[in-house]
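As structure tokens, the structure follows; a few thoughts come after it.
The values are calculated or read from the model by the stated rules, or taken from the named source; none is laboratory data. All values derive from a computational prediction rather than experimental measurement. Cβ atoms come from the backbone with ideal geometry, glycine included; neighbour counts cover every protein chain shown. Surface accessibility is based on the protein's heavy atoms, side chains included, excluding ligands, DNA and RNA. Shrake-Rupley method; radii C 1.70, N 1.55, O 1.52, S 1.80 Å.
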Amino acid sequence: LEPLAWSEDHRVSVSTARSIAVLEQLSDVHSGGQDMVIHRTAVPAPAAACVLKVGPKKEVAECKEKFASSADPTVSQTFMLDRVFNPEGKSLTPMRGFKYSSWSPLGCDANGRCLLAALTMDSRLTIHANLNRLQWVQLVDLTELYGERLFEAGYKLCKGDAPRGELGDFPEFQRRHSMQAPVRMEWSGICTTQQVKHNNECRDVGSVLLAVLFESGAIAVWQFQLPFLGKESITSCNTIESGISSPSVLSWWEYEHGNRKMSGLIVGSAYGPVKILPVNLKAVKGYFTLRQPVVLWQEMDQLPVHSIKCIPLYHPYQKCSCSLVVAARGPYVFWCLLLISKAGLNVHNSHVTGLHSLPIVSMTADKQNGTVYTCSSDGKVRQLIPIFTDVALKFEHQLIKLSEVFGSVRTHGIAVSPCGAYLAVITTEGMANGLHPVSKNYQVQFVTLKTFEEAAAQLLESSVQNLFRQVDLTDLVRWKILRDKHVPQFLQEALDKKIESCGSTYFWRFKLFLLRILYQSMQKAPSEATWRPSHEDAKILISDSPGMGSTEDDQEEGTSKQASKPSLCDTGKGVDLDDTAEDSLHQPSDTAGREPMEEKLLEIQAQIEAVEMHLTREHMKRVLGEVYLHTWITENTSIPTRGVCDFLMSDDGYDDRTARVLIGHILKKMNKQTFPEHCSLCKEILPFTDRKQAVCSNGHIWLRCFLTYQSCQSLVYRRCLLHDSIARHPTPEDPEWIKRLLQGPCTFCDSPVF
């Protein structure tokens, strides 16, 4: 079911029979290759089958034996063929693999990234986190926890429910399985709850909800405290009766009206109906829900609801926010526009027909502009663009023919990137000469949906102001600069105007990104694969200047190697063997032509260092502001405050009145105290002369944390996703404000820190 899902932190999960393959898109500033950079990890499928807890083990074993040998074929055959009752399969094929996966919002795990909820084919629902960058860790098994809750409650959803029957009755045996066999699960947005501390003070705590739809029609709503660490972070679990028979799909309805946030659950049935259910939550600030369920489509027309998406939009005619709910029903798209006015909740609904000749197998939506994408198994993808009218809306749709890009293919799932720059598609080979392929080779293909100009404009006008959350857009910009080897003039001018007008550090980080990519595009491609070890003993002169090439002798040697091993030149971009050999014959002209390039590289390097220094100073001001607000007069902050102040004021060309006033207040508060850092090896003072490292008088070198500018005097530290900077781990004795500083992203590229 929907094998592709794209998270807010740019990871694509692909559900397969052996594992969930996770493809993480990176906008790598240290690589000169034009190809999309993807890091691949995997969440393996459990080795043991999941057995739902429906009673005591001995009694369950007796009941299974009784049903399997029953003389009534309606009981024995139903029992033997139902894979929920028999997950291990015996003579049947094992139910191994993943049925569905769902990503949480950004900011839910310990690193501030997304959690992954995974549902296996044998009904095991687990939550995973990627905590140490390359390995996925299972945090909790919700199927096991929910089974224990039901067992303790006697398999009654409400305390007042009458006993249903004994486990030996086959209908009761079926009911206990269906009430804990998940169909789908979906995450809500992050909401705020209030927690009472020991001194009766209230503090705001972030929480997130996970709704799990079961075969019986019941919905379990789990509430997790953030960051989610495991079983201890579960706040509550409430069960709602949906009243829908044969439920097939679930989605959250979240609507903002004024300062109020309304929420509910949209549930679809395999028989056709769609409705919104109210979800009552306690202790959630500014949270409201519906008074009663709202039916969006009530006809039992036997068109199963396969997928539901809810898109928040702004109505240009009504001048207010609204919700667009779209659902895939067979080959049609059902849409419903929800609008809250003084008269109440207005509901407009209809169907979009004529899209596909086969049922829709996957649907995805770009939540920034409301564009919806649908696909059927014949390789046709439709793009639906909502256009508002005075009364409701209409859709303009156009066909995206994947056959023109990939040839004859069959499609199995699609997902759109968070900013709408890419469409991920799962394809297999289509028919060739009227014949189906002998074997299927599943591939994830990426199709661009935006041009470079659209991506650049969206980055400049972004309300998010975070490069990491817009990696799909920056990847298009990166590709364009690497291909053309220059930054377009219109982008340079627009960015300079933005920096002059508002001075936000986001635009400085965007400028740093462009300069780094431009620097990589100017670099000469290596003549050999950089990973291949060299077995020669010849000494190599390493130049101190960044971007400098090797000496002429080394270049001649590298050229001869390249001629003898032509296969290695494939690792470089735009390197031609004949051109390189010809250049080696004319060394004087090559040297003369290389000088302007080296000057250009040095100029770009100087600009990069200037932008990095500006961003460092801005973050230093923020750190000093936190120091001033949270320390007493004689308290040692453990942050090298005096060193940071002296470093800021060491450059005569840097004249920032805000920084001077702040430093004046801090020095007055410190009262001539310096609180220097000391080397843990020799106890000598560590001077603050460099923002990246600290060197004591005995030559011991310690790297500095880019978030607090403390020296990392341990063997274990964290690093940002793009290896830009390093940061230390928080310690138990750190005050809350230092722990909050250490939770921040990279100051150069906005990436999270691991």
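Given the options Thr78, Thr41, Thr74, Thr16, name the one that is open to solvent by 40 Å² or more (accessible area, probe 1.4 Å), farther than 25 Å from Leu167 by Cα and among the β-branched types (Val, Ile, Thr). So that I can check it myself, show each step before the final result.
Details: Thr78 fails: farther than 25 Å from Leu167 by Cα; Thr41 fails: open to solvent by 40 Å² or more (accessible area, probe 1.4 Å); Thr74 fails: farther than 25 Å from Leu167 by Cα.
It is Thr16.
What number of residues within segment 465-488 satisfy the criterion of being among the aromatic types (Phe, Trp, Tyr) and farther than 22 Å from Val753 by Cβ?
Residues flagged as among the aromatic types (Phe, Trp, Tyr) and farther than 22 Å from Val753 by Cβ within segment 465-488 amount to 1.
Please go through segment 44-61 and give me each residue that is free of Cβ contacts under 8 Å to residues at least 60 places away in the same chain and surrounded by 14 or more Cβ atoms within 10 Å (Cβ to Cβ), ordered by number.
Result: Val51, single match.
Looking only at segment 384-407, which residues are more than 30 Å from the chain's Cα centre (by Cα), at negative phi and open to solvent by less than 100 Å² (accessible area, probe 1.4 Å)?
Listed by number, the residues that qualify are Phe388, Thr389, Ala392, Leu393.
Can you pull out every residue in segment 429-485 that is aliphatic (A, V, I, L, M) and more than 22 Å from the chain's Cα centre (by Cα)? Before you say what the answer is, go through the steps one by one.
Applying the first criterion (aliphatic (A, V, I, L, M)) to segment 429-485 yields 431-432, 435, 438, 444, 447, 449, 455-457, 459-460, 464, 467, 471, 473, 476-477, 481-482.
Residues satisfying the conditions are Met431, Ala432, Leu435, Val438, Ala457, Ile481, Leu482.
Restricting attention to strands (runs of 3 or more DSSP E) lying wholly within segment 207-298, give those where 2 or more residues are without any contact (Cβ under 8 Å) to a residue 60 or more places away in the chain and out of contact with any Asp or Glu (no Cβ under 7 Å at 6 or more places or on another chain).
Details: elements: 218-225, 234-241, 247-257, 260-269, 274-278, 287-289, 294-297.
Counting at least 2 such residues, we get 218-225, 234-241, 260-269, 274-278, 287-289, 294-297.
Just to check your reading of the model, which residue among Thr674, Thr637, Thr631, Thr641 is open to solvent by 40 Å² or more (accessible area, probe 1.4 Å), of a type in the set (Ser, Thr, Tyr) and more than 34 Å from the chain's Cα centre (by Cα)? So that I can check it myself, show each step before the final result.
Details: Thr637 fails: open to solvent by 40 Å² or more (accessible area, probe 1.4 Å); Thr631 fails: open to solvent by 40 Å² or more (accessible area, probe 1.4 Å); Thr641 fails: open to solvent by 40 Å² or more (accessible area, probe 1.4 Å).
Selected residue: Thr674, the only one of Thr674, Thr637, Thr631, Thr641 that is open to solvent by 40 Å² or more (accessible area, probe 1.4 Å), of a type in the set (Ser, Thr, Tyr) and more than 34 Å from the chain's Cα centre (by Cα).
Table: residues versus (1) open to solvent by 20 Å² or more (accessible area, probe 1.4 Å); (2) in contact (Cβ under 8 Å) with a residue 40 or more places away in the chain; (3) in contact with a Pro (Cβ under 7 Å, 6 or more places away or on another chain).
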site: Asp9; (1), (2), (3): no, yes, no
site: Ser27; (1), (2), (3): no, yes, no
site: Ser31; (1), (2), (3): yes, yes, no
site: Asn86; (1), (2), (3): no, no, no
site: Ser102; (1), (2), (3): no, yes, no
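Conditions tested, residue by residue: (1) out of contact with any helix residue (DSSP H, G or I) (no Cβ under 9 Å at 6 or more places or on another chain); (2) closer than 28 Å to Ser307 by Cβ.
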{"residue": "Leu4", "(1), (2)": "yes, yes"}
{"residue": "Arg18", "(1), (2)": "yes, yes"}
{"residue": "Met36", "(1), (2)": "no, yes"}
{"residue": "Pro44", "(1), (2)": "yes, yes"}
{"residue": "Val54", "(1), (2)": "no, no"}
{"residue": "Ala68", "(1), (2)": "no, no"}
{"residue": "Phe98", "(1), (2)": "yes, yes"}
{"residue": "Ser104", "(1), (2)": "yes, yes"}
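Among the numbered criteria (1) out of contact with any helix residue (DSSP H, G or I) (no Cβ under 8 Å at 6 or more places or on another chain); (2) in contact (Cβ under 8 Å) with a residue 24 or more places away in the chain; (3) on the phi > 0 side of the Ramachandran plot, which single criterion is violated by Gly154?
So the condition that Gly154 fails would be (2).
Out of the residues in segment 279-304 that are of a type in the set (Phe, Trp, Tyr) and either under 21 Å from Ser350 (Cβ atoms) or under 26 Å from the mean Cα position of the chain (by Cα) (or both), which is surrounded by the most Cβ atoms within 10 Å (Cβ to Cβ)? Give the derivation first.
Step one: filter segment 279-304 for residues of a type in the set (Phe, Trp, Tyr), giving 287-288, 297.
Keeping just the survivors that are either under 21 Å from Ser350 (Cβ atoms) or under 26 Å from the mean Cα position of the chain (by Cα) (or both) gives 287, 297.
Details: Tyr287: 17, Trp297: 21.
Among those residues, the one meeting the criterion is Trp297.
Residue under question is Lys367, and the condition is that it be of a type outside the set (A, V, I, L, M), open to solvent by 20 Å² or more (accessible area, probe 1.4 Å) and free of Cβ contacts under 8 Å to residues at least 24 places away in the same chain; does it hold?
Details: of a type outside the set (A, V, I, L, M): yes; open to solvent by 20 Å² or more (accessible area, probe 1.4 Å): yes; free of Cβ contacts under 8 Å to residues at least 24 places away in the same chain: no.
So Lys367 fails the test.
For Lys440, which of the numbered conditions (1) of a type in the set (Lys, Arg); (2) farther than 23 Å from Ala21 by Cα; (3) open to solvent by 30 Å² or more (accessible area, probe 1.4 Å); (4) touching a residue at least 12 places away in the same chain (Cβ under 8 Å) fails to hold?
(2)
Could you list, ordered by first residue, the pairs with Cβ atoms under 7 Å in which the first is in segment 181-196 and within 19 Å of Met95 (Cα to Cα) and of a type outside the set (D, E, K, R) and the second is outside any strand (DSSP E or B) and open to solvent by less than 60 Å² (accessible area, probe 1.4 Å), at least 6 apart or interchain?
Pairs found: Ala181/Leu52; Ala181/Val84; Ala181/Ser123; Pro182/Ser123.
Checking Ser417 against (1) over 19 Å from Ser377 (Cβ atoms); (2) open to solvent by 10 Å² or more (accessible area, probe 1.4 Å); (3) hydroxyl-bearing (Ser, Thr, Tyr), which single condition isn't satisfied?
(2)
Scan segment 105-122 for residues that are open to solvent by less than 10 Å² (accessible area, probe 1.4 Å) and touching a Lys or Arg at 6+ places or on another chain (Cβ under 9 Å) and jot them down.
Initially, segment 105-122 is screened for residues open to solvent by less than 10 Å² (accessible area, probe 1.4 Å), giving 108-109, 113-120.
The answer is Arg113, Cys114, Leu116, Ala118, Leu119, Thr120.
Before we move on, is Asp656 modelled with pLDDT under 90, surrounded by 14 or more Cβ atoms within 10 Å (Cβ to Cβ) and touching a Gly at 6+ places or on another chain (Cβ under 9 Å)? Full working, then the answer.
Numbers: modelled with pLDDT under 90: yes; surrounded by 14 or more Cβ atoms within 10 Å (Cβ to Cβ): yes; touching a Gly at 6+ places or on another chain (Cβ under 9 Å): no.
Answer is no for this residue.
When you scan segment 596-612, do you find a residue that is open to solvent by 20 Å² or more (accessible area, probe 1.4 Å) and modelled with pLDDT under 85, even just one?
yes
So which strands (runs of 3 or more DSSP E) stay within segment 328-391 end to end and still have 2 or more residues that are under 30 Å from Met262 (Cα atoms) and among the aliphatic types (A, V, I, L, M)? Steps first, please.
Details: elements: 332-341, 344-352, 360-365, 372-376, 380-388.
Answer list for segment 328-391: 332-341, 344-352, 360-365, 380-388.
Counting just the residues of segment 420-437 that are small (Gly, Ala, Ser) and in a loop (DSSP other than H, G, I, E, B), which one comes out surrounded by the fewest Cβ atoms within 10 Å (Cβ to Cβ)?
Only one residue fits best here, namely Gly434.
Starting from segment 726-754, take each residue that is free of Cβ contacts under 8 Å to residues at least 24 places away in the same chain and list its partners that are open to solvent by 20 Å² or more (accessible area, probe 1.4 Å) and in a loop (DSSP other than H, G, I, E, B), counting only C-beta distances under 6 angstrom and pairs at least six apart or across chains.
Close Cβ pairs (under 6 Å, with a partner that is open to solvent by 20 Å² or more (accessible area, probe 1.4 Å) and in a loop (DSSP other than H, G, I, E, B)) amount to Ile726/Tyr717; Arg728/Tyr717; Lys739/Pro730.
Give the residue, chosen from Gly699, Gly744, that is assigned to a loop (DSSP other than H, G, I, E, B), buried (at least 17 other Cβ atoms within 10 Å of the Cβ) and of a type in the set (Gly, Ala, Ser).
Details: Gly699 fails: buried (at least 17 other Cβ atoms within 10 Å of the Cβ).
Matching residue, one of Gly699, Gly744: Gly744.
Phe688 is checked against (1) over 21 Å from Glu618 (Cα atoms); (2) open to solvent by less than 50 Å² (accessible area, probe 1.4 Å) and fails just one. What number does that condition carry?
Of everything listed in (1) over 21 Å from Glu618 (Cα atoms); (2) open to solvent by less than 50 Å² (accessible area, probe 1.4 Å), Phe688 misses just condition (1).
So which residues in segment 203-254 are closer than 27 Å to Met363 by Cα, among the polar types (S, T, N, Q) and surrounded by fewer than 18 Cβ atoms within 10 Å (Cβ to Cβ)?
Step one: filter segment 203-254 for residues closer than 27 Å to Met363 by Cα, giving 208-222, 240-254.
If we keep only those that are among the polar types (S, T, N, Q) too, we end up with 216, 242, 245-246, 248, 251.
Residues satisfying the conditions are Ser245, Ser246.
Tally the residues that are open to solvent by 80 Å² or more (accessible area, probe 1.4 Å) and hydrophobic (A, V, I, L, M, F, W, C), restricting the search to segment 135-157. Outline the logic, then answer.
As a first pass, look at segment 135-157 and keep what is open to solvent by 80 Å² or more (accessible area, probe 1.4 Å): 135, 138, 144, 149, 151-152.
From the residues that got through so far, the ones that are hydrophobic (A, V, I, L, M, F, W, C) too are 151.
Residues that pass the stated criteria total 1.
Is it true that some residue in segment 305-323 is crowded, with 16+ Cβ neighbours inside 10 Å and outside any strand (DSSP E or B)?
Looking through segment 305-323, none of the residues is crowded, with 16+ Cβ neighbours inside 10 Å and outside any strand (DSSP E or B).
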